[in-house]
Amino acid sequence: MKKVLAALAAVLSITAHANDKLVVGATPVPHAEILEFVKPTLAKEGVDLDIKVFNDFIQPNLQLAQKNLDANYYQYRPFLDDFNKTRHTDLVPVVGVHIEPFGAYSTKIKSLAELPDGASVAIPNDPVNTGRALVLLAEAGLIKLKDPSNPQSTQRDILDNPHHLKIRELEGAMLARSVKQVDLAFVFANYALEAGIDTNSALIVEKGKDLYVEYLVARPDNIQDPRIQKLAKALNSPEVRNFILTRYKGQIAPGF
């Protein structure tokens, strides 16, 4: 009888453990690293954090919407809002965690003054970040836009391109690899960090805008799940703030 009860207890323990698993999608750096940092804290609270790493910006949201993930952590609100609108999803932000600089890098020039006429410039190809890059080019005086403050601008909104820049739109993950192939490439900080690019070396940079805080994201049906809330609390803890400040040394900043 004791053996039967022990076996039953083991089965119940395994079942409870499985029920406490929380599957979260993230891009490698810094998102997955920050999640790895809080994993032991969540384990003490009975949550088994299972981190699934993605190298693109679409699949983590699709997998979350399809309930293959419980949450994800890799995006800011404008991107999430655009995804929900175009993909007819209703994913929801839970808490903001950090802010990444978005910048333009080069291995061929050391200042914008050296950028030659006809230079090749790589920018993101998704609507939200295409406009973000074009606004930064306009602010740097390299192009003129119909509305220089509109982050939804497209190349059709370029009124003047005095340097005859050859602007190429690439998928986000390819931008870091393009740095050596073009004259100037806009790269997201997460991909820059993963590729070993010093974000402080950007020739054009946008830092610290609250609009671009990166969020933990869930669905309406599970946002109040205790496991999600425990993760949210851990990600907004003083320990995570200190980890961000010490690990990344100013290359990213806390967003809470």
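Which residues, taken from segment 13-27, are among the aliphatic types (A, V, I, L, M) and at pLDDT below 50?
Answer for segment 13-27, where residues must be among the aliphatic types (A, V, I, L, M) and at pLDDT below 50: ILE14, ALA16.
Tell me, please, whether a residue that is touching a Gly at 6+ places or on another chain (Cβ under 6 Å) and at pLDDT 95 or above can be found in segment 30-49.
no
So how many residues does segment 192-239 have that are touching an Asp or Glu at 6+ places or on another chain (Cβ under 8 Å) and of a type in the set (Asp, Glu)?
The qualifying residues number 2.
Only one of LYS146, LYS110 is touching a Leu at 6+ places or on another chain (Cβ under 9 Å), more than 30 Å from LYS85 (Cβ to Cβ) and basic (Lys, Arg); which?
Result of the check over LYS146, LYS110: LYS110.
So, in segment 144-174, exactly how many residues are without any contact (Cβ under 8 Å) to a residue 24 or more places away in the chain, surrounded by fewer than 17 Cβ atoms within 10 Å (Cβ to Cβ) and of a type in the set (S, T, N, Q)?
Residues meeting the conditions: 3.
Would you call LYS180 more than 27 Å from TYR74 (Cα to Cα) and not assigned by TED's automatic domain parsing to the domain that holds VAL29?
Judged against the criteria, LYS180 is not a match.
Where in segment 175-227 are there strands (runs of 3 or more DSSP E), lying fully within it, with 3 or more residues that are touching a residue at least 24 places away in the same chain (Cβ under 8 Å), within 22 Å of SER120 (Cα to Cα) and of a type in the set (A, V, I, L, M)?
Strands (runs of 3 or more DSSP E) meeting the threshold: 184-188.
Looking at VAL217 and the list (1) assigned by TED's automatic domain parsing to the domain that holds PHE79; (2) within 19 Å of the chain's Cα centre (by Cα); (3) hydrophobic (A, V, I, L, M, F, W, C); (4) surrounded by fewer than 21 Cβ atoms within 10 Å (Cβ to Cβ), which single condition is not satisfied?
The failed condition is (4).
The values are calculated or read from the model by the stated rules, or taken from the named source; none is laboratory data. On a predicted model such as this, the values are computed, not experimentally measured, just so you know. So basically every Cβ, Gly included, is an ideal-geometry build from the backbone, and we count neighbours across all protein chains shown.
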